[in-house]
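A short reminder: the numbers here are calculations on the coordinates, not readings from a lab. None of these values were measured; they are calculated from a predicted model. So basically every Cβ, Gly included, is an ideal-geometry build from the backbone, and we count neighbours across all protein chains shown.
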Amino acid sequence: MVPTVPSPRRPLDSGHPSDSRHPSHASRAVRHWYENELGWPTVPGTPVDLPTGLRFDVLDAPVGAGYAALRHLRPGSPVAVRADRMRILVAAGSADELPGLLDWLEWGALALDLRAIGEGGHIEAPLPPGTPALGTTRLAGTPVPVPAHMSVVAPVDMSAGMPAKTSVDTAVDDSQGAAVWLRPPEPGCEVEPSLPTLSALGGGVGGAPDLVRLVDTMATECHRIRLRRSCAQPLALS
């Protein structure tokens, strides 16, 4: 009897799920961190996105407006940066409150570079802290840009979770939208109690940050940025 020889098989892939040489492995590692470590839902597909309106909504504004508002947040309140935009996580449902809140604060008549992403929306998932990835566009230790005019708010108390000059301790992947965590969420900790909410006006239950103060500060800074840009534009010749 001639022994039967099995057909050649493709070698098993021995790469680690977080192997940065394989984009699909990196995406799986990112998805695993959010779903299994944080318990957050993700949107199917690549790159990995996080749905808004479920665990949290997002306030999106220029980094200058965002840095000015960080003093209103608890140390554990997650904040992400993408290019020149800052994304502050707020309580789910806050996006629906933003237009009325701006009107109440007398900002509603102005066109502000401030928007909220709520139910039905999504944001790209920043890479988990310390995760290497393929297609790095910003290396570890590269400072997140802080506008020069924001130097008046530095240095910031280290107990608030942000040094005077913040650096990113993780690589940024193009497939993840170049988003990084400025203040990452903590595995094993529920995110909701740390998020700014409208119900915290005047000191909410559990010490949640006040959404009104946060939005008012961000709107003020957005208006200042708008005025500076207007003053910087050359006058039109008649």
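Quick rundown of the values:
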item	result
Built amide H within the under 5 Å cut-off of Asp57, gap 5+	Val90, Ala91, Ala92, Gly93, Ser94
Computed E for Asp103/Glu186 - FRET, C-beta separation, R0 35 angstrom, nearest 0.05	0.50
In nm, spacing of pseudo-spin labels at Thr46 and Thr220 (7 Å Cα→C-beta vector)	4.6 nm
Region 223-231 - phi-based ³J(HN,Hα) in whole Hz, Karplus 6.51/-1.76/1.60, Gly and Pro as x	5, 4, 4, 4, 5, 5, 5, 5, 5
From phi via Karplus (6.51, -1.76, 1.60), per-residue ³J(HN,Hα) for region 49-60 in Hz, x at Gly/Pro	10, 10, x, 9, x, 9, 8, 6, 10, 9, 9, 10
In nm, spacing of pseudo-spin labels at Arg213 and Arg71 (7 Å Cα→C-beta vector)	1.0 nm
